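Each remark here refers to the structure printed beneath this line.
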Amino acid sequence: MVDLPDSLPARMFLLSYDLTKKRLSGRGELGYLLRAAALTELYLDGRLVDERRRPRPGTPGQDPYGVLAEITESRPRSWQHWVRKGHRAMVTTVRAELVAGGWIREEQGRALGLFPVRRITVRDPRVVKTLWGGASSALHGRPVAHVNSYDAAAVALAAAAELKTVLPRGDRRRHKRRIAELTARTGPAAPAMRKVIQAQHAAAA
């Protein structure tokens, strides 16, 4: 049996890893994806609730990434705001968590012998394959209400981020209705992330 990380952000980081190319996919959106995953985890556990299209604290509980504390101490703000806030730092935090847990290996190198780069290697590819299998199974078969919540969230988040390692474009089109149902079940963070990423692309264009 393959041991998987407990947190949804850690799982989404690993799902962003392209086993064929041996590198992370969607680096530009990774921070937004991980922030949205943290928000979704809190929402699924009832630690965050949606009130007037804004997150607010719900049932007290663990806050591994400090996101709940940020929301608690702030005036009401949109889900999009919380997806954007601290997204770069989130990548560093989750990456360090996975290194410490032995899930990934991190090495420093230089591209073309000049530019510093950080190379990420997944230590056990079976972990990524198992996570991918869970997300894939969420698209088929059982009613949405019976799908594992983290597998449902993985699909919703991957679709919103257009994460090709999980959902190539053809699959996103083919399963559009099912993805919408899974997204509705897993809360407002994934749609908020989609808007953030779309705004980023529009600004870049």
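The values are calculated or read from the model by the stated rules, or taken from the named source; none is laboratory data. Model, not experiment: these values are computed from the prediction. Cβ: placed from backbone, ideal geometry, glycine included. Neighbour counts: every protein chain shown.
Condition check ((1) modelled with pLDDT of 95 or more; (2) more than 12 Å from the chain's Cα centre (by Cα); (3) at positive phi) across all residues:
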site: 10; (1), (2), (3): yes, no, no
site: 15; (1), (2), (3): yes, no, no
site: 24; (1), (2), (3): no, yes, no
site: 29; (1), (2), (3): no, no, no
site: 41; (1), (2), (3): yes, no, no
Enumeration of residues in region 56-68 that are touching a Pro at 6+ places or on another chain (Cβ under 8 Å) and surrounded by fewer than 16 Cβ atoms within 10 Å (Cβ to Cβ): 56
Residue 95 vs. criteria in contact with a helix residue (DSSP H, G or I) (Cβ under 9 Å, 6 or more places away or on another chain) and either closer than 18 Å to residue 167 by Cβ or surrounded by fewer than 23 Cβ atoms within 10 Å (Cβ to Cβ) (or both): yes
Test: residue in region 114-126 that is basic (Lys, Arg) and farther than 28 Å from residue 164 by Cα: no
Residue in region 101-118 that is touching a strand residue (DSSP E or B) at 6+ places or on another chain (Cβ under 9 Å), of a type in the set (A, V, I, L, M, F, W, C) and surrounded by fewer than 18 Cβ atoms within 10 Å (Cβ to Cβ) present: yes
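Which one of 189, 154, 205 is within 27 Å of residue 21 (Cβ to Cβ), surrounded by 20 or more Cβ atoms within 10 Å (Cβ to Cβ) and of a type outside the set (Val, Ile, Thr)? Outline the logic, then answer.
Working: 189 fails: within 27 Å of residue 21 (Cβ to Cβ); 205 fails: surrounded by 20 or more Cβ atoms within 10 Å (Cβ to Cβ).
Residue meeting the stated conditions: 154.
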Selection from region 1-55 of residues that are surrounded by fewer than 24 Cβ atoms within 10 Å (Cβ to Cβ), part of a loop (DSSP other than H, G, I, E, B) and either touching a strand residue (DSSP E or B) at 6+ places or on another chain (Cβ under 8 Å) or in contact (Cβ under 8 Å) with a residue 24 or more places away in the chain (or both): 2, 3, 4, 5, 7, 19, 22, 25, 26, 47, 52, 53
